[in-house]
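Here's the structure, in structure tokens; my notes come after.
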Amino acid sequence: MLSIYKFFFETIKKSLMVTIILMGMGFPAIAETVKLGTEDILYFPLHGRENNLSDEFSGFAREFFDEFSTQTDVNIVYVPQPIKRIYKSLMVDQSIDLKFPDNPGWRSTYKEEISLIYSDPIIQFTDGVMIKTANIDSSSFKLDILGSIRGFTPVPYLKQITSGELQLIEFSNTSELLLAVANDKIDGAYLNIDVAAHQMKQLFNNQSTLTFAKKLPFSKDYYYLSTINEKAVILKFNAFMKKNAALKKSLLKKFNIPQI
């Protein structure tokens with residue numbers, strides 16, 4: 001019986017020694033799998049689906065996170081989520097480990113009780129109002145009805161919406177939102193201007209039907225990666241970004257996302 005125990009002990013000992021030797025030789029450790037919650041929306045070229053026929057998380061964020069996974073021992077499983085559900089999945093159900101995109105300034109009732117850990121800034125964004133090009137220089141134009149994606153918070157317009165001065169109508173996707181402006185159902189569409197530019201090429205055959213209203217309030221900030229428990233992954237991701245500044249720059253150029 002002792003010989004059997006000795007055999008198992010020696011086997012385990014040898015296995016541990018082999019593992020240590022392989023790690024010392026530069027072989028990667030066993031990959032950690034994490035679930036990354038993403039917004040299930042049409043928001044290409046930044047993230048989300050590219051078009052209404054696609055259900056894949058894509059764009060700049062997909063390629064950047066894929067490369068992070070390739071260079072590290074972090075295996076990413078992408079989990080598309082409705083915008084209004086994703087914070088609950090991260091902070092209450094904990095059915096996902098990380099969230100992208102996120103921003104410390106974004107509102108959620110769950111954030112009032114639980115603190116999130118954020119990565120370094122990943123990519124700059126500008127959210128503004130797209131209006132009909134014919135109204136850009138019109139002195140009679142007034143923004144009475146604003147549209148946005150369901151679950152989004154038009155931060156620069158919260159006071160006007162809360163007071164009733166401005167009516168907010170939510171849409172399920174960006175194409176419906178932009179078409180609503182073109183068809184005079186709403187006065188303006190609040191969304192990311194790079195996403196709007198990409199979608200308008202498809203919707204309006206490259207015609208400048210809508211224009212970013214720079215004179216109206218807009219928001220410029222950064223997207224972050226967030227988590228509750230995966231601080232180690234956040235630290236690895238921060239290190240990855242510092243090491244791959246050139247990669248990020250090339251991907252931004254590839255997807256035609258200017259950083260102002």
Note: among Asp93, Asp40, Asp102, just one is modelled with pLDDT of 85 or more, over 26 Å from Lys253 (Cβ atoms) and buried (at least 17 other Cβ atoms within 10 Å of the Cβ), namely Asp40
The number of residues in segment 169-202 that are in a loop (DSSP other than H, G, I, E, B), in contact with a Lys or Arg (Cβ under 9 Å, 6 or more places away or on another chain) and surrounded by 15 or more Cβ atoms within 10 Å (Cβ to Cβ) is 2
The residue that is surrounded by the fewest Cβ atoms within 10 Å (Cβ to Cβ), considering only those in segment 63-73 that are under 22 Å from Asp221 (Cα atoms) and touching a helix residue (DSSP H, G or I) at 6+ places or on another chain (Cβ under 8 Å), is Glu63
Picked from segment 105-138 (must be of a type in the set (D, E, K, R) and within 26 Å of Phe204 (Cβ to Cβ)), the residue least open to solvent (accessible area, probe 1.4 Å) is Asp127
Scanning segment 203-250 for residues that are among the acidic types (Asp, Glu) and either in contact with a Pro (Cβ under 6 Å, 6 or more places away or on another chain) or part of a loop (DSSP other than H, G, I, E, B) (or both) gives Glu230
Being in a helix (DSSP H, G or I) and without any contact (Cβ under 8 Å) to a residue 60 or more places away in the chain narrows Lys84, Lys88 down to just Lys88
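For every residue, the table says whether it meets (1) open to solvent by 60 Å² or more (accessible area, probe 1.4 Å); (2) at pLDDT below 90.
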{"position": "Ser3", "(1), (2)": "yes, yes"}
{"position": "Ser15", "(1), (2)": "yes, yes"}
{"position": "Ile21", "(1), (2)": "yes, yes"}
{"position": "Ala29", "(1), (2)": "no, yes"}
{"position": "Thr33", "(1), (2)": "yes, no"}
{"position": "Asn75", "(1), (2)": "yes, no"}
{"position": "Lys84", "(1), (2)": "yes, yes"}
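The values are calculated or read from the model by the stated rules, or taken from the named source; none is laboratory data. The shown structure was predicted, so the numbers you read here are calculated from the model rather than taken from an experiment. Every residue, glycine as well, gets a Cβ built from its backbone with ideal geometry; the counts of neighbours run over all protein chains shown. Please note that ligands, DNA and RNA were not included when accessible areas were found on the heavy atoms of the full protein model with its side chains. Shrake-Rupley method; radii C 1.70, N 1.55, O 1.52, S 1.80 Å.
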